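Asker: Just passing along the structure, written as structure tokens.
The values are calculated or read from the model by the stated rules, or taken from the named source; none is laboratory data. Only a predicted model underlies this, so the values are computations on that prediction, with no experimental measurement involved. Reconstructed Cβ throughout: ideal geometry from the backbone, glycine too, with neighbour counts over all protein chains shown. Please note that ligands, DNA and RNA were not included when accessible areas were found on the heavy atoms of the full protein model with its side chains. Shrake-Rupley method; radii C 1.70, N 1.55, O 1.52, S 1.80 Å.
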Amino acid sequence: RVSAEWNSLSVVSPRSRMGVKGLHSYLERKLSADAYRLPLSELPRRTGSDVVVVDGMALIRRLYPMDFDWVGGGQFQALYLSVGEFVRAWSAAGLRLIVFFDGGVDEAKLSEWLSRRSRDLATCEKVAAAVSRGEAVRASSSCWVPPLYVSKWIGAAFRAHGCRVVYTAGEADRAIAAHCVGRRCAGVLGKDSDFFVLPVPLYLALDSLRERGATPSVVAYPRQAVLEALGVPEGLLPLLASLVGNDFVEQASLSALHGALLPGRHASGGPLIEAVGAELRRAAGAVCWDGSGAPPLQLWEELGG
């Protein structure tokens, strides 16, 4: 019974900020939003493309907000209208959307996924118990889950409004990046720091999106600005992400490294990212590796030393 409920939740859980721990907020502080905010209508001219690739899982909380019904089954007409308003804002700027949704969980992320789904299940049980007692249940950031299969309903609404919708075999991040790069799309809209690491040309931060008003706009981070802010070559970004800590790496396995880099301090956020970046630059310089190709064996030995 429990595994079946987890499986149901796997396709509806909203995409909170995942990926590299602390990287999203760190780069938001380093790269001023005012300096990188663009009107949506400017994107085709700046990028040469009118297609934006969207992380659909990141849209769940935005398009199905907490004030919609979430206990009694779902408020799907309101969801349909919400998606339509979202699509029209981009269409008015001359942009088309292709929306990707997760179709499963990468095996390497299974441990983290199980932990999050366990928390979701505990929330569901708490809400069900309150309803059975006749208590009013108020949504909050710590006590809310969307209706089951909401990603399917959102995808159907996007398709009904003329957008192409893709459900991937596993998590969608890499497919989103590959489609954006391979088809030379304008950029990726999402709220996952993995898109700072994956080689997308322009990352559009969903939380910064202002689709209403006279001039709809979004904060758009170019690839080169991200590399300059982090101070590492592109080839080192995946290694930086792994050594800081992400959904693929067990945090416990990094504690010794983090303790060595920041002795006597709580290793997290900006200080940890900068310390790992400095150590990577030192090790790469010691073995004369510029980040191109696979990391040489000597780099691992240098880091291990």
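Asker: In square angstrom, what is the accessible area per residue of the chain with a 1.4 angstrom probe?
Answerer: For the chain, the solvent-accessible area averages 47 Å² per residue.
Asker: Can you check how the C-alpha radius of gyration of region 157-305 compares to 2.2 N^0.38 Å, as a plain ratio?
Answerer: 1.23
Asker: If only Cα atoms are counted, what is the Rg of region 252-305, and what is its Dmax, in Å?
Answerer: Cα only, region 252-305: 12.0, 35 Å (Rg, Dmax).
Asker: Related question: Treat each spin label as a single point 7 Å out from the Cα along the C-beta direction, and report the Val181 to Arg62 distance in nm.
Answerer: 2.4 nm
Asker: What lysines sit close enough to Lys191 to cross-link, taking a C-alpha to C-alpha distance under 25 Å and skipping anything fewer than 8 places away on the same chain?
Answerer: The qualifying lysines are Lys21, Lys30, Lys109, Lys152.
Asker: Starting from the amide H of Arg37, placed 1.01 Å from N in the peptide plane, find each other amide H under 5 Å away whose residue is 5 or more places distant or on another chain.
Answerer: Ala220
Asker: On to the next question. So, by mean Cβ neighbours within 10 angstrom, what's the order for 272-279, 95-102 with the highest one leading?
Answerer: Averaged packing, sorted descending, gives the order 95-102, 272-279.
Asker: When DSSP assigns beta bridges and you keep just the ones with both residues in region 76-207, what percent turn out antiparallel, to the nearest 5?
Answerer: 10 percent
Asker: Please identify every one of the trypsin sites (Lys or Arg not before Pro) in region 119-180 that sits in a loop by DSSP and has no more than 10 other beta carbons within 10 Å of its own beta carbon.
Answerer: Hits after loop and neighbour filter: Arg133, Arg138.
Asker: Return the inverse of the average 1/r over all pairs of distinct C-alpha atoms in region 76-150, which is the Kirkwood hydrodynamic radius, in Å to one decimal.
Answerer: Result for region 76-150 stands at 15.8 Å.
Asker: Can you work out the Karplus-derived ³J(HN,Hα) for every residue in region 155-169? Use 6.51 cos²θ - 1.76 cosθ + 1.60 with θ = phi - 60°, whole Hz, and x for glycine or proline.
Answerer: x, 5, 5, 4, 5, 5, 8, x, 8, 7, 10, 10, 10, 7, 5
Asker: Please give the length that would be gained between Leu121 and Cys288 if that part of the chain were fully extended, namely 0.36 nm times their separation in residues minus their C-alpha to C-alpha distance (nm, one decimal).
Answerer: This chain segment gains 55.2 nm when fully extended.
Asker: What accessible surface, in Å², does a 1.4 Å probe find on Leu243, ignoring ligands, DNA and RNA and rounding to the nearest 10?
Answerer: We get 30 Å² for Leu243.
Asker: Multiply the residue separation of Leu227 and Glu274 by 0.36 nm, subtract the distance between their alpha-carbon atoms, and state the gained length in nm to one decimal.
Answerer: 15.6 nm
Asker: So, in nm, how far is label Ser242 from label Ser132 when the simple model puts each one 7 Å beyond its Cα toward the Cβ?
Answerer: It works out to 4.6 nm between the two label points.
Asker: Hey, got the Cα dimensions of the chain along the principal axes, in Å, largest first?
Answerer: 62, 50, 33
Asker: Can I ask one more? Could you check how much of the accessible area of the chain is carbon and sulfur, as a whole percent, using a 1.4 Å probe?
Answerer: The C+S portion of the solvent-accessible surface of the chain is 53 percent.
Asker: Region 121-206: Rg/Rh from Cα coordinates, Kirkwood Rh?
Answerer: Computed over Cα atoms, the ratio is 1.12.
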